[in-house]
Amino acid sequence: MIQCEGSMIGASGTVGTALLDLARHFGLKAIGTCSAANMSVVEQFGATAIDYRAGDFVASVRRLTESRPGHAGVDVAFDAIGGSHFNRSFACLVSGGLLIGYGSQTMGVGRESLLSAGLGLVKLKLWNALRLLLRGRHALFYSITARRSAQPEQFRADMNTLFNLLRQGAIHPVVIDRLPLAAAREVHVRIDAGGLGGKIVLQPWHTA
């Protein structure tokens, strides 16, 4: 068991459930935020679910981790919301903790502007530069496209590791539907509506 705690923001989404699945495989304790309707999705991975609409999730994370030696909080936080939301995720970290931003959903749904999303990315860089003044807490933005372009060998190693885990049955991607490629437009409408709780696979060869 690796003694590490992490929080996933938007944990019932497609990337969130993948992160929870990996956390469970590696024996990590995970906390995931989601809506009340999706708490069972998070809990099925052995994680603790927090309804982000029911109150301040930063306070909830601290309450759940208050028994940890030293400061309450998590070692790593994953945040796909972006923009000003990064502030709250960063506040969940313990000394030496890492915030990984990997999206900007708040801009995608129109809640924040492009400027706000850009400022969120600037904050990640600033926090990383000032880590010595922030009790070692730091941040970065992860882009799978950038990693594939800038670090192709490491990207291939990542993919090989994931596909080996999949072949071994160690991880279990949540697939909620399989549809023909012709249904792509319908699928995008469903994605925009949110609340899927898993992946939809488009199959060019689908006949049923």
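Please treat every number below as a calculation from the coordinates, not as lab data. Here the structure is a predicted model, which is why all the values come from computation and not from measurement. We place every Cβ from the backbone using ideal geometry, glycine too, and count neighbours over all the protein chains shown.
Of note:
- Part-to-part distance (alpha-carbon centres) for region 9-55 and region 77-108, which is given in Å: 15
- Listed residues GLY194, LEU162, ALA182: farthest to the positive end of the dipole of the chain (Cβ charges): LEU162
- Remark on region 48-130: Rg and Dmax equal 13.3, 40 Å (Cα only).
- Candidate cross-link partners of LYS125 among the aspartates and glutamates, defined by an alpha-carbon separation under 19 Å and a same-chain spacing of 8 or more, comprise ASP75, ASP79.
- Each Lys and Arg adds +1 at its Cβ and each Asp and Glu adds -1 at its Cβ; summed about the Cα centre, the chain shows a dipole of about 360 debye.
- Fewest-first ranking of ASP79, ASP51, using other Cβ atoms within 10 Å as the exposure measure: ASP51, ASP79
- Packing-based exposure ordering (other Cβ within 10 Å, fewest first) of THR48, THR145: THR145, THR48
- At least 15 Å along the helix axis (C-alpha) and Kyte average at least 1.0, DSSP helices within the chain: 114-129
- When each of GLU66, GLU153, GLU43 is scored by the number of other beta-carbon atoms lying within 10 Å, the sequence from fewest to most is GLU153, GLU66, GLU43.
- Here the dipole of region 84-167 is about 140 debye; that uses its Cα centre as origin and unit charges on the Cβ of Lys and Arg (positive) and Asp and Glu (negative).
- Whole-angstrom Cα spans of the chain along principal axes, big to small: 58, 42, 41
- Every helix of 4 or more DSSP H residues in the chain counts as -39500 (n - 2.57), and over all residues that averages to -11500 deg cm²/dmol at 222 nm.
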